[in-house]
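Everything below concerns the one structure shown next.
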Amino acid sequence: MNDRYTFHLASPLGPITLAGEGDALTGLWFDGQKYFGETLGPSGDLPVFRETAKWLEVYFSGHDPGPTPPILLRGTPFQMAVWEQLRAIPYGQTTTYGAIARAIAAQRGLETMSAQAVGSAVGRNPVSIMVPCHRVIGANGALTGYAGGLDDEAALRA
């Protein structure tokens, strides 16, 4: 039995596709964004899709939506470490690729970590918005690249 499904939503920034498995969200992409879900299940309805739609409605209204619905992330150990750092960024705040690299280096007992490697993992985040990759900026404070596009990145932080 397949318990992997997709669901489509409209948003102020364009159509969004959700992916879910069981009781957890596994993907959230702006349609057509870079690294859009490669293997998506059939359309369906899971409770997590309704929870996500409510969360996004609050988020897009400019308010802190609180804790996210359940999210199931799959990636390499390095990607998972980066995505956990993203999940720790408070609503309305930003961090840099370098700060994330320093935090992961400290966790792993390393002197340094590549900010570019962090950037690659950030770019492959499968759950946009809720795992707030749009809150990561360059060392100079500039927008650097968001899989959904720089206009969407700026709008998500507004």
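What the table below lists for this structure:
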item: Matching residues, the stretch 97-126, being open to solvent by less than 30 Å² (accessible area, probe 1.4 Å) and not in a helix (DSSP H, G or I); result: Asn125, Pro126
item: Subset of the stretch 48-71 (residues that are under 18 Å from Ile89 (Cα atoms) and of a type outside the set (Val, Ile, Thr)); result: Trp55, Leu56, Tyr59, Phe60, Gly62, His63, Asp64, Pro65, Gly66, Pro67, Pro69, Pro70
item: Meets criteria (under 28 Å from Tyr5 (Cα atoms) and either within 12 Å of the chain's Cα centre (by Cα) or surrounded by fewer than 17 Cβ atoms within 10 Å (Cβ to Cβ) (or both)) for Thr94; result: no
item: Failed criterion for Tyr35 (all others in (1) at pLDDT 90 or above; (2) under 13 Å from Asn125 (Cβ atoms); (3) open to solvent by 30 Å² or more (accessible area, probe 1.4 Å) hold); result: (1)
item: The stretch 47-74 - residue that is closer than 18 Å to Ala19 by Cβ and in contact with a Phe, Trp or Tyr (Cβ under 7 Å, 6 or more places away or on another chain) and, of those, most open to solvent (accessible area, probe 1.4 Å); result: Thr68
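The rows are residues; the columns are (1) at pLDDT 95 or above; (2) farther than 20 Å from Leu56 by Cβ.
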site	(1), (2)
Ala101	yes, yes
Ile104	yes, yes
Ser120	no, yes
Met130	yes, no
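The values are calculated or read from the model by the stated rules, or taken from the named source; none is laboratory data. Please read all numbers here as calculations on a predicted model, not as lab measurements. Neighbour counts are summed over all protein chains in view; Cβ atoms, including those assigned to glycine, are modelled from backbone coordinates with ideal geometry. Surface areas here come from the heavy atoms of the whole protein model, side chains and all, with no ligands, DNA or RNA. Shrake-Rupley method; radii C 1.70, N 1.55, O 1.52, S 1.80 Å.
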